[in-house]
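The values are calculated or read from the model by the stated rules, or taken from the named source; none is laboratory data. Keep in mind that what you see is a predicted model, and the values were worked out from it rather than measured. Positions of Cβ are generated from backbone atoms using ideal geometry, with glycine treated the same way; all protein chains shown enter the neighbour counts. The accessibility values were calculated without ligands, DNA or RNA, using every heavy atom of the protein model including side chains. Shrake-Rupley method; radii C 1.70, N 1.55, O 1.52, S 1.80 Å.
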Amino acid sequence: MDLRSEKIQRILSKYKFHDVAVEELQKIYRIYPEMMPSTGTYTFSDNTQKDLLKLFSNVPVNYGGRSYNIPIQLWLMDSFPFTPPICLLRPTSNMVIREGKHVDKEGRLHLPGLHNWDYPKSTVVGLLTEMISKFEEDPPLSSKMTVDNKDPHELLAFVSNLQINDGGRTHDQQNIKVSVIGGGDLGMSSVMSILSKCKVDKLVFIDIAESSTKGGSTDLEMFSLPKVEVSKDLSASAGSRVVVVTANSWSSEQSYVSVVQNNVDMYRGIIPTVAQLSPNAVMLIASQPVDIMSHVAWRQSCLPPTHVIGAGCNLDSERLSHILDINLNAHKPAWVIGELSDNKVAVMSKTGHSSNVQPEIAAGSSSTKPLLDRAFEMMKNRGQRSWSVGLSIADITNSILTNKMKTHSVSTLAQGWGGIGAEVFLSLPCIMGTNGSMRLAGVSLGQEEDSKLRESVTSLSNLISQLRI
């Protein structure tokens with residue numbers, strides 16, 4: 001495969017695993033010499049763009065005793081081959097996309113091999129083999145009908161492509177769908193809380209085998225809750241507005257880094273797939289440690305940072321605001337920020353609960369500190385039980401689905417906030433809506449609070465640098 005052109009070299013130089021990517025491209029060329037590379041700018045669902053390599057070819061498919069060429073295009077992410085390509089049909093002007101199990105209406109392919117991508121076991125050559133097999137079972141394209149073109153195979157393909165409208169929602173209208181990935185108490189609590197709090201058309205509960213926090217899926221299947229679909233396949237999450245990840249993979253490893261690495265390895269089999277299946281979703285992370293796993297999910301998903309958040313200190317923030325409002329008669333929102341650890345600190349809003357003005361964080365002062373310290377002391381004995389975290393997750397989910405623009409303290413990319421230069425995730429007050437999160441502006445904190453935040457930044461940066469993401 002000729003990769004010598006200046007454009008290709010320029011794009012390839014930005015690939016994170018350059019040498020491995022080149023090796024894989026040469027393997028593809030040996031089996032499919034007609035598949036040629038070129039460069040292009042891929043536009044993601046949030047309108048962000050990235051210069052990437054793409055491969056184009058016609059895939060030969062036999063169907064009904066006849067041979068057809070199916071034009072396809074593969075966009076290779078800059079983390080290729082450790083993340084799967086984005087695979088698209090590229091029909092000519094006389095072809096019609098047949099939406100089906102493995103093809104959406106835009107012509108994007110959703111094959112098992114993409115969903116379960118695990119390099120080096122997974123390769124583009126293997127993916128193309130699977131693609132041909134699936135296309136021969138159910139062709140993804142048919143010819144447009146014309147007066148002179150009435151081949152029975154094409155007529156059959158055209159008819160099978162029709163969608164029936166029963167007078168309700170049309171096929172193209174998007175349902176409100178939420179997916180929860182990971183079983184156990186927290187997964188179940190999240191499902192029940194979201195069902196109670198949020199208006200959803202479908203809630204998918206995926207109890208994955210790799211997670212050590214399993215359970216609940218059998219009970220949900222037995223009692224057949226309305227709107228709940230139970231699955232063990234990540235592809236069931238496709239088209240979600242919000243994806244909640246509660247899965248954890250604990251082990252008996254002695255080293256804390258090794259324990260966290262197990263979670264990171266498990267995420268590698270979940271996050272890229274889920275991001276491809278629901279590219280417009282907001283990903284809400286509740287796995288532990290939440291600040292690290294939110295950071296990992298953002299890196300692995302290639303989604304914008306506004307679309308990957310962690311449950312973080314939202315529960316503590318809601319408790320803090322409630323205590324200040326009910327017990328201490330201070331009627332202003334407050335948030336717990338920083339790392340979900342002993343280093344977390346409290347901040348208060350400049351404006352009251354009833355204000356229609358966008359909230360702003362008040363700078364640290366000697367007048368608010370005693371009040372916040374007292375409220376913090378009153379919170380001390382309240383643990384983070386699964387059901388309470390589930391309620392917190394449901395509240396964040398509701399703000400996203402309803403575009404509520406409520407301010408939550410969620411784990412988000414903190415780089416650039418309050419002078420933080422490192423790439424870390426910390427809980428910060430963020431306005432949450434359909435388009436994800438928007439941080440409130442940073443302020444000057446008190447010396448003690450600033451010191452705790454800086455300590456967390458150093459600690460989290462240290463840990464993330466030791467992980468193989």
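Worth a mention:
- Any hit, region 2-19, residues being of a type in the set (G, A, S) and in contact with a Leu (Cβ under 8 Å, 6 or more places away or on another chain): no
- Considering residues of region 252-289 that are part of a helix (DSSP H, G or I) and touching an Asp or Glu at 6+ places or on another chain (Cβ under 9 Å) only, the residue nearest to G187 (Cα to Cα): M266
- Within region 51-92, being in contact (Cβ under 8 Å) with a residue 12 or more places away in the chain, in a loop (DSSP other than H, G, I, E, B) and open to solvent by 70 Å² or more (accessible area, probe 1.4 Å) holds for F82, R90.
- Any hit, region 396-413, residues being at pLDDT below 90, loosely packed, with under 15 Cβ neighbours inside 10 Å and among the hydrophobic types (A, V, I, L, M, F, W, C): no
- Condition check for S437: farther than 24 Å from H331 by Cβ, crowded, with 20+ Cβ neighbours inside 10 Å and not assigned by the TED database to the domain that holds V191: yes
- If you check T48, T41, T83 for being over 22 Å from E137 (Cα atoms) and touching an Asp or Glu at 6+ places or on another chain (Cβ under 6 Å), only one passes: T41.
Okay, residues lined up against (1) surrounded by fewer than 24 Cβ atoms within 10 Å (Cβ to Cβ); (2) closer than 24 Å to R241 by Cβ; (3) outside the structural domain of G390 (by the TED database):
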residue: Y267; (1), (2), (3): no, yes, yes
residue: P279; (1), (2), (3): yes, yes, yes
residue: C302; (1), (2), (3): yes, yes, yes
residue: E318; (1), (2), (3): yes, yes, no
residue: I326; (1), (2), (3): yes, no, no
residue: N329; (1), (2), (3): yes, no, no
residue: I337; (1), (2), (3): no, no, no
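- Helices (runs of 4 or more DSSP H) fully within region 102-203 counting 3 or more residues that are at pLDDT 90 or above: 124-137, 184-197
- Counting only residues that are at pLDDT 85 or above, surrounded by 14 or more Cβ atoms within 10 Å (Cβ to Cβ) and closer than 25 Å to H307 by Cα, region 18-50 holds 3 of them.
- Residue among S249, S240, S294 that is part of a loop (DSSP other than H, G, I, E, B), outside the structural domain of L111 (by the TED database) and within 22 Å of I431 (Cα to Cα): S240
- Test: H295 is free of Cβ contacts under 8 Å to residues at least 12 places away in the same chain, more than 9 Å from the chain's Cα centre (by Cα) and on the phi < 0 side of the Ramachandran plot: no
- Yes/no for G100 being in contact (Cβ under 8 Å) with a residue 12 or more places away in the chain, open to solvent by 30 Å² or more (accessible area, probe 1.4 Å) and in the same structural domain as F135 (by the TED database): yes
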